[in-house]
1. Checking the structure you have, find out if any residue of segment 110-121 is in contact with a helix residue (DSSP H, G or I) (Cβ under 8 Å, 6 or more places away or on another chain) and of a type in the set (D, E, K, R).
2. Condition first: within 24 Å of Ser399 (Cα to Cα) and modelled with pLDDT of 70 or more. Can you find one or more residues in segment 413-428 that meet it?
3. Quick one: is Val134 at pLDDT 90 or above and within 44 Å of the chain's Cα centre (by Cα)?
4. Of all the residues that make up segment 66-78, how many are modelled with pLDDT under 90 and of a type in the set (A, V, I, L, M)?
5. Would you call Cys354 surrounded by 14 or more Cβ atoms within 10 Å (Cβ to Cβ) and under 20 Å from Ser537 (Cα atoms)?
6. Consider segment 83-129. How many of its residues are modelled with pLDDT under 90, hydrophobic (A, V, I, L, M, F, W, C) and open to solvent by 40 Å² or more (accessible area, probe 1.4 Å)?
7. Quick one: count up the residues across segment 396-409 that are touching a residue at least 60 places away in the same chain (Cβ under 8 Å) and of a type outside the set (Lys, Arg).
Amino acid sequence: FITGYAVMAGAAERLVLGYDSFGNICGRKNTPVKGAPLSGQDMTNKKYVFFLNSCSLEMQSLKISSVSLCVSSCPQEQLNSLEDLQSFARNNGSCLCVYNLNVSSYTLNPKAAELCPTLPVPPSKSFPLFNRCVPQHPECYSKYASVLISMVNEMDVFHRILSGILAGRDTVIGLSVLALAFCFIVVLTFRFIRTLLVHTLIALVVFGLLFVSGVLWWLYYDYRNDPSTELETQKENVKFLLGYAIFSTIITIVLLSLILVLRKKLQFTVQLFQIVGKMISRIPFLLFQPLWTFLILIVYWIFWVAVLLSLGTAGTAQTTSEGQVEYRALSGICYMAWYHFVGLIWTSEFILACQQMTIAGAVVTCYFNRNKNSPPRHPVLSSISIIFCYHLGTVVKGSFLITILRIPRIVLLHLFNILKQKESACAKCLLKCCSCWLWCQEGCLSYFNQHVYTTTAINGTSFCTSAKDAVRILAKSSAEFASISCCGDFIIFLGKVFVVCFTVFGGLMAFNYHQELQAWVVPLLLVGFFAYLMSHSFLSVFEVTLDAMFLCFAVDMETNDGSAEKPYFVDQELLMFVNQSNNLTEGHKHRTMRRDNEDGTELQPMV
């Protein structure tokens, strides 16, 4: 319903291509608007929006007061007179006066001063920001940018997101491709992992964290002490750079502490990933699964953005007394946009959950196969067919639970940004704590859902029954597999940090070139979000395979006893690894208890 309404009522071309004051969309052929005699013109060759008084723009009710036209090219040199306007139109084919004024009448019509741009016309450039002609004169440029940014700042969150997406669309796409390349590098590293590769990955993560934190603090210091920082968007960039720098520094300290604590288990982790790699080598098509998931996510995100743009431009055309056209937004659009945003979260989580359950099903099929030298044929396709035939409800429920926890956290962050302007310290602290708590719950639920999907693949039961069985199995074997799973998941998490860290660094460098016209918050957060989703999609192959293997091992140990009647399904290499890790854990516990007894002083009764 939302999609159909957006397509019928919206006109995303107005936002992407730009439009003039008479209802014409630049760069395409238009249909007439009733009551607007200058509408319905063919603007195929006129792709840029030009304002008649670009040096003295004013904003009224979220609209720029100046008359705008569609032109084929922007004036590269200053035009000082009507004769210059006439020569420019004849030489370049770009008319800068209102459409009903003939070029030959520029110098003869007494109303030419009202129908033509304010003189002198400053040189402008077709900057790729909504295809507008941006004046290059310093004073005009500052005024022009301030008005556009003020218009964006006074819009609601929905329109700010639209503006951020469109303003940095080329950079966001390029950085998404960069994140994809980093994902391939990390996947190959985990597939052919060796001790040297683990040390190299950790060294790169440490270097990336320290470097990104240092660059953020340097940019913040540079922006803060720059005397030319006058525009509102530049001041917002300074605030967001400070927030990013503090957050990055905290993450760096926490991760460096964890790396220091777990450094002695690197060889243990290498052996673990070699076993996971052996399982994946039996199902080589698992490595291609994230690629299909990523392509499906990209198609869905493009579709979602297209619907969002259509919703943002849904409105009715109304003519004014001057023959101009204004678009009035329809009532209820904001609520539909929030509903559409919930659909983004739920559908994205559903697609990722389908990938998790596909991997879990393939691992379960190969694990519970007696003949290890002859793996089952097409386990991935078999897992996908079982999901769509029997377990779609399980995936929908699991992704919906994640969405339920994620939406309140986003709402709390939005309230935090509102209270930040009112300087309510106690309320901000409470909201931040609640948001962090929901984030932790979301992570725990996501981890638990993976085990639910694996249990569903093993037993073929519903979501609720599988959840109950997963809790029972994890309660019995949590102490046995906690340290093993923790080390593996931490190394995988470092791989995600590597992708996000270096992608965000690239975003900082890219967005820094357009610091005057773009606010950093939306595009940079969008880049970080896409990088995390891509890294999570690709590296979840190893994460889900690892968790599914150990859950299958726990079920195998509980169901079978190793006798001739009930032999184990487990591979001998995995069994030896688990026994070795358990022996190391028990030995560490005994040494700790003996040390505590030796250091302690026992009081004896007096005789």
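The values are calculated or read from the model by the stated rules, or taken from the named source; none is laboratory data. Quantities reported herein were computed from a predicted structural model and do not represent experimental measurements. Heads up, the Cβs are rebuilt from the backbone with ideal geometry, glycines too, and the neighbour counts pull from every protein chain shown. For accessibility, only protein heavy atoms count, side chains too; no ligands or nucleic acids. Shrake-Rupley method; radii C 1.70, N 1.55, O 1.52, S 1.80 Å.
1. Within segment 110-121, none of the residues are in contact with a helix residue (DSSP H, G or I) (Cβ under 8 Å, 6 or more places away or on another chain) and of a type in the set (D, E, K, R).
2. So far as segment 413-428 goes, no, none of its residues is within 24 Å of Ser399 (Cα to Cα) and modelled with pLDDT of 70 or more.
3. no
4. 1
5. Yes.
6. Counting residues in segment 83-129 that are modelled with pLDDT under 90, hydrophobic (A, V, I, L, M, F, W, C) and open to solvent by 40 Å² or more (accessible area, probe 1.4 Å) gives 5.
7. 3
The rows are residues; the columns are (1) modelled with pLDDT of 90 or more; (2) loosely packed, with under 15 Cβ neighbours inside 10 Å; (3) within 31 Å of the chain's Cα centre (by Cα); (4) not assigned by the TED database to the domain that holds His451.
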position	(1), (2), (3), (4)
Gly343	no, no, yes, no
Arg370	no, yes, no, no
Ile384	yes, no, yes, no
Phe388	yes, yes, yes, no
Gly393	yes, yes, yes, no
